[in-house]
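This report refers to the structure that appears directly beneath it.
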Amino acid sequence: MRSESEEAASSLPTPPQPAGNYRAAVAAHRVVRSAGMIPRVDGVLSISGRVGDDVDVPAARDAAALSARNALAAVAAAVGGLAQLEAVLQLRVFVRCAADFTEISAVAEGASQALVEVLGEVRGRGVRTAVGVVSLPGGAPVEVELVASYSQPSPP
């Protein structure tokens with residue numbers, strides 16, 4: 001029988017590899033930060049386009065959820081696993097959208113929901129910023145950054 005944390009860990013993708021000269025996540029002083037994560041699966045962008053033009057809100061929400069799971073996988077790997085994560089502190093969601101698109105928070109909700117699904121209400125819900133932008137790497141419709149607190153592993 002698998003524990004709840006093992007079940008949650010199995011729902012995460014493999015931590016994404018950086019697409020440039022940076023780290024996927026950095027941990028220091030009990031705070032871990034992810035790089036910006038886009039909706040990649042095995043290093044390949046799963047969706048591209050501008051939300052409100054050629055990407056609809058449900059597809060963008062799914063892309064935000066995937067990006068959040070990628071960010072969570074990166075921060076978990078940086079601190080030794082999901083069990084070490086104490087709480088999501090901040091979630092930043094950038095949405096590449098049409099100039100008149102106003103449902104940015106609806107798209108960002110996909111990322112928030114993914115974190116709560118994996119970590120639960122107490123650990124998974126932090127503060128959130130959602131911003132509409134003109135362009136994102138590779139033409140991605142969303143990019144997510146995650147900041148979380150973590151506990152030090154217990155000595156053996």
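The values are calculated or read from the model by the stated rules, or taken from the named source; none is laboratory data. What you see is a predicted model, and the numbers here were worked out from it, not measured in a lab. Backbone-built Cβ (ideal geometry, glycine too); neighbour counts: all protein chains shown. When the accessible area is computed, the model is the full protein with side chains, heavy atoms only, and any ligands, DNA or RNA have been set aside. Shrake-Rupley method; radii C 1.70, N 1.55, O 1.52, S 1.80 Å.
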Q: Any chance you could run the full-extension gain for residue 152 through residue 31? It's 0.36 nm times the residue separation minus the Cα-Cα distance, nm to one decimal.
A: 42.5 nm
Q: Note down the relative contact order for the stretch 31-81 as a percent, whole number, built from C-alpha pairs under 8 angstrom at least six residues apart.
A: 51 percent
Q) Using 1/(1 + (r/R0)^6) with R0 = 22 angstrom and r between the beta carbons of residue 102 and residue 125, what's the FRET efficiency to the nearest 0.05? A) 0.40
Q: Can you send over the carbon and sulfur percentage of the accessible area for the chain, probe radius 1.4 Å, protein chains only?
A: 51 percent
**Q.** Karplus 3J(HN,Hα) series, Hz, for the stretch 139-146 with 6.51 cos²θ - 1.76 cosθ + 1.60 (x for Gly, Pro)
**A.** x, 4, x, 9, 9, 10, 10, 10
**Q.** Cut-off 14 Å between beta-carbons: net charge of the residues surrounding residue 55, Lys and Arg +1, Asp and Glu -1
**A.** -3
Q: Please give the helix 104-124 orientation as an angle from the longest Cα principal axis of the chain, in degrees from 0 to 90, rounded to the nearest 10.
A: 10 degrees
Q.
Among 134-143, 39-48, 67-76, how do they line up by average Cβ neighbours within 10 Å per residue, starting with the highest?
A. 67-76, 134-143, 39-48
**Q.** the chain: calculated mean residue ellipticity at 222 nm from DSSP helix runs of at least 4, using -39500 (n - 2.57)
**A.** -11000 deg cm²/dmol
Q: Measure nothing fancy, just the Cα-based angle from helix 57-79's long axis to the longest principal axis of the chain, in degrees from 0 to 90, nearest 10.
A: 30 degrees
(Q) What Kirkwood Rh does the stretch 16-61 have if only Cα atoms enter the pairwise 1/r average? Answer in Å. (A) 12.7 Å
**Q.** For the chain, built as a Gaussian network whose Cα springs stay under 10 Å, the top-fluctuating residue of 100, 53, 62
**A.** 100
Q: At q = 0.13, 0.14, 0.17 Å⁻¹, work out log10 I(q)/I(0) for the chain with the Debye formula, treating every Cα as an identical point scatterer and leaving solvent out; two decimals please.
A: -0.54, -0.62, -0.90
Q | Average accessible surface area per residue within the chain, 1.4 Å rolling probe, Å² | A | 52 Å²
Q. Hey, in the GNM for the chain with a 10 angstrom Cα cutoff, which one of 55, 127, 88 fluctuates hardest?
A. 127
Q. Is the stretch 50-127 rounded, prolate or oblate when judged by the Cα gyration tensor, a ≥ b ≥ c being the square roots of its eigenvalues, rounded requiring a/c under 1.5 and prolate requiring a/b larger than b/c?
A. prolate
